[in-house]
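Engineer: Pasting a structure here, questions to come.
The values are calculated or read from the model by the stated rules, or taken from the named source; none is laboratory data. Because the structure is a prediction, the values reported are computed rather than measured. Neighbour counts run over all protein chains shown; Cβ positions are idealised from the backbone, glycine included. Heavy atoms of the whole protein, side chains included, go into the accessibility calculation; ligands, DNA and RNA do not. Shrake-Rupley method; radii C 1.70, N 1.55, O 1.52, S 1.80 Å.
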Amino acid sequence: MLKFEEYLRQHAYYGVGQNLVPTDLGQLLSQYELQPIGKGHFSRVYVIRGLGWVVKEGRWDLDFEIIRKLTLPVHAKLTESFLSLFRLRFLPSEGQIIDQYNKYLELSKFLGYFESEKAYTHLYREKIFAVQKEFRSNLEVYIQLVEREFNLNISAQFKVDVASSKFLRAHNYLPKEYLLYGPAMHRSGRGKNTSYIFQQHVEGKPLYSVESVTTEQKSQLLLFAIAVLAFAATKGYVPDLRPKYLASSVGDWVWKTENLFMADRGAVLVDTRWLWSLNDNLVKRGFVIPELTINALKSFVNSA
């Protein structure tokens, strides 16, 4: 029997022209206890007990939380059919899964630092890491870009810190993960294939529940903000950093999110798939979500 991660490595999707090949994950997952720990609009999340991994199963159903713990089920197929008029799709079709993965690889060039196989496994990890290293080695250039594009004045002390701290420049904001594709476990997807994102479990607190941060953590969050703004300026996307609950201030849009964790190793973005476009039609871009995200990041950078 293959070891768990070796199985993932052999059956994972790595992009670069590769086709999605369905894998029957039932035999693998039947060996472990899966404990549900949450769900988003587009995936259900289970912790694989005893392994230190979670798996996110792409959803073929849809519901919305009206108020805390009160959800309203919605017909997913009809909703996507309507939204497809605006080129917005969210169900885990092959095309959607591949598109999201390709955008994730772009995001990883700014937020990832895959220095070794321990940090990340990919057929082309060394090429990906070369681009990541180029970004971190030229942070001064990207800081100037962010200052110019968003009319910011980043603190001189941070510029000194980021120039002198290899630890800060080499921080990896992304968890190790594998993308697989196979028959849905949940009854809503019966007879369909879906995505399975296997991700190393991040032990820590979601940012919305963190009351205070250390000076080192604040520097990591500042670099995260700069990297996301650089990603927005050059690629036209921002990650999903919506607040856990209704926002009461500009900063809540990012700093009260459940998608960014403070772990022992520092800040980690756990939702690595859904990106909001700055340059698409009003519906597909989520109306003003990108601007709210950028304004929250700018507010933090200005106050740091």
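Engineer: Only residues that are without any contact (Cβ under 8 Å) to a residue 40 or more places away in the chain, over 26 Å from Leu123 (Cα atoms) and not aliphatic (A, V, I, L, M): list them for region 1-45, please.
Structural biologist: Listed by number, the residues that qualify are Ser30, Gln31, Tyr32, Glu33, Gln35, Pro36, Gly38, Lys39.
Engineer: Further question: Please find, within region 49-59, the residue that is farthest from the chain's Cα centre (by Cα) out of those that are surrounded by fewer than 22 Cβ atoms within 10 Å (Cβ to Cβ) and under 18 Å from Asp271 (Cα atoms).
Structural biologist: Among those residues, the one meeting the criterion is Gly52.
Engineer: If a residue has to be among the polar types (S, T, N, Q) and over 23 Å from Ile197 (Cα atoms) to count, how many in region 120-137 make the cut?
Structural biologist: 1
Engineer: From Tyr178, Tyr101, Tyr113, which residue is in contact with a Ser or Thr (Cβ under 8 Å, 6 or more places away or on another chain), touching a residue at least 24 places away in the same chain (Cβ under 8 Å) and within 24 Å of Asp271 (Cα to Cα)?
Structural biologist: The match here is Tyr178.
Engineer: For residues in region 156-193 being under 29 Å from Tyr14 (Cβ atoms) and hydroxyl-bearing (Ser, Thr, Tyr), which is surrounded by the fewest Cβ atoms within 10 Å (Cβ to Cβ)?
Structural biologist: Ser188
Engineer: Look through Asn138, Asn153 and report the one residue that is out of contact with any Lys or Arg (no Cβ under 8 Å at 6 or more places or on another chain) and either open to solvent by 70 Å² or more (accessible area, probe 1.4 Å) or over 25 Å from Gln217 (Cβ atoms) (or both).
Structural biologist: Result: Asn153 is the single residue among Asn138, Asn153 that is out of contact with any Lys or Arg (no Cβ under 8 Å at 6 or more places or on another chain) and either open to solvent by 70 Å² or more (accessible area, probe 1.4 Å) or over 25 Å from Gln217 (Cβ atoms) (or both).
Engineer: Given (1) at pLDDT 90 or above; (2) surrounded by fewer than 21 Cβ atoms within 10 Å (Cβ to Cβ); (3) not hydrophobic (A, V, I, L, M, F, W, C), where does Thr293 come up short, assuming only one miss?
Structural biologist: With respect to (1) at pLDDT 90 or above; (2) surrounded by fewer than 21 Cβ atoms within 10 Å (Cβ to Cβ); (3) not hydrophobic (A, V, I, L, M, F, W, C), Thr293 is out only on (2).
Engineer: Moving on. Evaluate the following for His201: is it open to solvent by 50 Å² or more (accessible area, probe 1.4 Å), under 26 Å from Ile128 (Cβ atoms) and touching a residue at least 12 places away in the same chain (Cβ under 8 Å)?
Structural biologist: yes
Engineer: Which is of a type outside the set (Gly, Ala, Ser) and free of Cβ contacts under 8 Å to residues at least 40 places away in the same chain, of Glu57, Glu80?
Structural biologist: Glu80
Engineer: Within region 24-48, how many residues turn out to be crowded, with 17+ Cβ neighbours inside 10 Å and either part of a loop (DSSP other than H, G, I, E, B) or among the β-branched types (Val, Ile, Thr) (or both)?
Structural biologist: Number satisfying all stated conditions: 5.
Engineer: Taking region 204-232 as the search range and keeping residues that are of a type in the set (A, V, I, L, M) and in a loop (DSSP other than H, G, I, E, B), which one is most open to solvent (accessible area, probe 1.4 Å)?
Structural biologist: Val213
Engineer: Sticking with this one: Looking at region 233-270, which of the residues that are open to solvent by 40 Å² or more (accessible area, probe 1.4 Å) and of a type in the set (Asp, Glu) is farthest from Ala119 (Cα to Cα)?
Structural biologist: Glu258
Engineer: Here's something else I'd like to know. Can you name every residue in region 96-115 that is more than 18 Å from His11 (Cα to Cα) and open to solvent by 50 Å² or more (accessible area, probe 1.4 Å)?
Structural biologist: Result: Asp99, Glu106, Lys109, Glu115.
Engineer: Under 8 Å by Cβ, and 6 or more places apart or on different chains, what pairs join a residue from region 263-284 that is at positive phi with one that is open to solvent by 30 Å² or more (accessible area, probe 1.4 Å)?
Structural biologist: So the pair list comes out as Gly266/Glu216; Gly266/Gln217.
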